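**Student:** Here's a structure for you.
Throughout, read-outs are computed from the coordinates displayed, never taken from laboratory work. As the structure is a computational prediction, the values presented were derived from the model and not from experiment. Here Cβ is always computed from backbone atoms with ideal geometry, including for glycine, and neighbour counts include all displayed protein chains.
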Amino acid sequence: MLAACPICGTRVSTKWLLLGLPWSTYTCARCGSVLAGTLLRFVLSSLSVGVVSVVLLAVIKGRVSPAALAAPVVVALALLLLRLPWQIRSAK
């Protein structure tokens with residue numbers, strides 16, 4: 001369920017999934033395939049992290065209940081870590 005290499009199925013590094021930009025590449029440790037994030041991945045993750053930031057600021061200021069932070073955080077982590085279509089491509 002977590003993002004994996006489309007060639008061999010080895011899990012992609014969590015560090016690269018969280019910090020990789022669309023122009024950065026990842027080389028699979030098992031088969032050597034070169035992978036890259038897509039612009040769609042960058043836009044979706046940027047929007048989700050932005051929403052988390054806005055909700056977090058509202059929680060810190062006391063305008064919103066801390067329970068309201070759970071849903072945006074779960075969605076952001078899902079967009080960043082799960083194997084979703086059109087988010088990782090072969091860089092060749």
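**Student:** Compute the Rg/Rh shape ratio of the range 14-90: radius of gyration over Kirkwood radius, all on alpha-carbon atoms.
**Tutor:** Using Cα coordinates only, the ratio equals 1.09.
**Student:** So what are the ³J(HN,Hα) numbers for the range 23-40, from phi and the Karplus equation (6.51, -1.76, 1.60; θ = phi - 60°), rounded to whole Hz, Gly and Pro as x?
**Tutor:** Along the range 23-40, the couplings run 8, 7, 10, 10, 9, 4, 5, 8, 10, x, 5, 9, 10, 9, x, 9, 5, 4 Hz.
**Student:** So, by mean Cβ neighbours within 10 angstrom, what's the order for 85-92, 16-23 with the highest one leading? Write down the numbers at each step before the final one.
**Tutor:** On the way: 85-92: 12.9, 16-23: 14.4.
Ranking, from highest mean packing down: 16-23, 85-92.
**Student:** Separate question: Please list, in chain and number order, the residues 5+ apart from residue 27 or on another chain whose amide H is under 5 Å from its amide H, with Hs placed from the backbone.
**Tutor:** 35
**Student:** Tilt of helix 70-81 relative to the longest C-alpha principal axis of the chain, in degrees (0 to 90, nearest 10)?
**Tutor:** Between the helix axis and the principal axis of the chain, the angle is about 10 degrees.
**Student:** Hey, what do the phi angles of the range 46-55 turn into as Karplus ³J(HN,Hα) couplings, whole Hz, using 6.51/-1.76/1.60 and θ = phi - 60°, x for Gly and Pro?
**Tutor:** Ordered by residue, 3J(HN,Hα) equals 5, 5, 5, 5, x, 5, 4, 5, 5, 5 Hz.
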